[in-house]
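This report concerns only the one structure given below.
Please treat every number below as a calculation from the coordinates, not as lab data. Quantities reported herein were computed from a predicted structural model and do not represent experimental measurements.
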Amino acid sequence: MHYEKLQAVVLSTMDYGESDRIVSLFTLEHGRIKAFARAARNSRKRFGPSLEPFARIEASVHLKEGLSTLQQAELQSLHTAIRGDLQRIALALYSCELLETLTPEAAPLPRLFRLVVCWLDHLENGELRGEDRRFFEINLLNILGYRPEIENCSRCGSRYLASGAIMQPQGELVCPLCGRSGTRIGEETLETLGRCLRSGSFGRISFTPQVLAEAGKILDCCLAYQAGKKFKSLDFLCQVEP
């Protein structure tokens with residue numbers, strides 16, 4: 001066991017006993033970890049409001065394999081503007097569930113941590129557009145090594161032409177010769193997703209309604225396939241999205 005101060009985003013908490021909590025954190029230094037926070041439900045001095053979902057904190061942690069110990073949490077941002085809007089809350093909770101479900105435990109992913117911080121800052125301060133959620137998802141899948149093949153057929157390796165790609169039920173993209181049945185995905189959608197991977201900021205890539213619909217089909221399928229289940233937070237998100 002050793003002590004560290006970690007930059008972290010709170011993913012979720014679970015009450016334990018009468019006053020303790022088990023906290024899931026996504027950290028810059030060690031990726032996703034779980035930590036035991038003794039008396040967290042009673043100690044305003046050590047924790048205050050800092051263990052709310054999607055809060056950004058500096059966590060003082062005794063690290064060990066399995067369940068670490070959270071000694072103290074210093075709040076850096078509660079993201080109060082997000083908490084005042086149902087759609088922003090839903091997107092933030094959905095993002096936390098993606099991280100909790102898809103990331104390996106105790107595996108540093110600094111690029112993904114920076115993406116999450118930028119995404120939460122955008123939800124806090126930026127204009128809310130449908131394509132921003134898809135921008136986050138394709139970049140998350142790319143960092144984790146799960147993104148669909150948007151340039152070349154995943155089976156024969158040939159480049160997609162103007163006819164675009166064919167999406168298989170699990171989200172796999174193939175050329176029309178390798179997949180004669182499935183959902184057709186247009187060339188513009190593939191190119192737009194490619195631009196999302198080359199852009200460094202939210203809000204710079206615009207989607208047409210057709211591209212947004214097709215990108216949503218691909219990303220929803222890929223994420224569900226990688227998770228092996230439906231995300232619980234999607235129901236809430238679908239209720240509040242326009």
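Extension gain for the segment Lys229 to Arg195, taken as residue separation times 0.36 nm less the Cα-Cα distance, is 9.4 nm to one decimal.
Cα convex hull, the chain: 131 Å³ per residue, rounded to a whole number. Multiplying the residue separation of Leu128 and Glu188 by 0.36 nm and subtracting their alpha-carbon distance yields 19.4 nm. Out of all Cα-Cα pairs in region 168-242, roughly what percent, to the nearest whole number, are more than 19 Å apart? Considering region 168-242, 47 percent of its Cα-Cα pairs are separated by more than 19 Å. Taking the DSSP beta bridges with both ends in the chain, the antiparallel portion is around 90 percent. With the Kirkwood sum run over all distinct C-alpha pairs, region 5-134 has a hydrodynamic radius of 14.8 Å.
Principal axis analysis of the Cα atoms in region 2-78 yields extents of 30, 27, 19 Å, listed in decreasing size.
Divide the volume of the convex hull around the Cα atoms of region 41-86 by the residue count and you get 94 Å³ per residue. Just give me a number: lysine pairs in the chain, eight or more positions apart or cross-chain, with C-alpha atoms less than 22 Å apart. Lysine pairs meeting the criterion: 10. According to the Kirkwood relation over distinct C-alpha pairs, the hydrodynamic radius of region 151-210 is 12.2 Å. Quick check: the distance between the Cα centres of region 1-51 and region 214-235, to the nearest angstrom? One Cα centre to the other: 28 Å. The mean sequence separation of alpha-carbon pairs under 8 Å and at least six residues apart, normalised by the residue count of the chain, gives a relative contact order of 16 percent.
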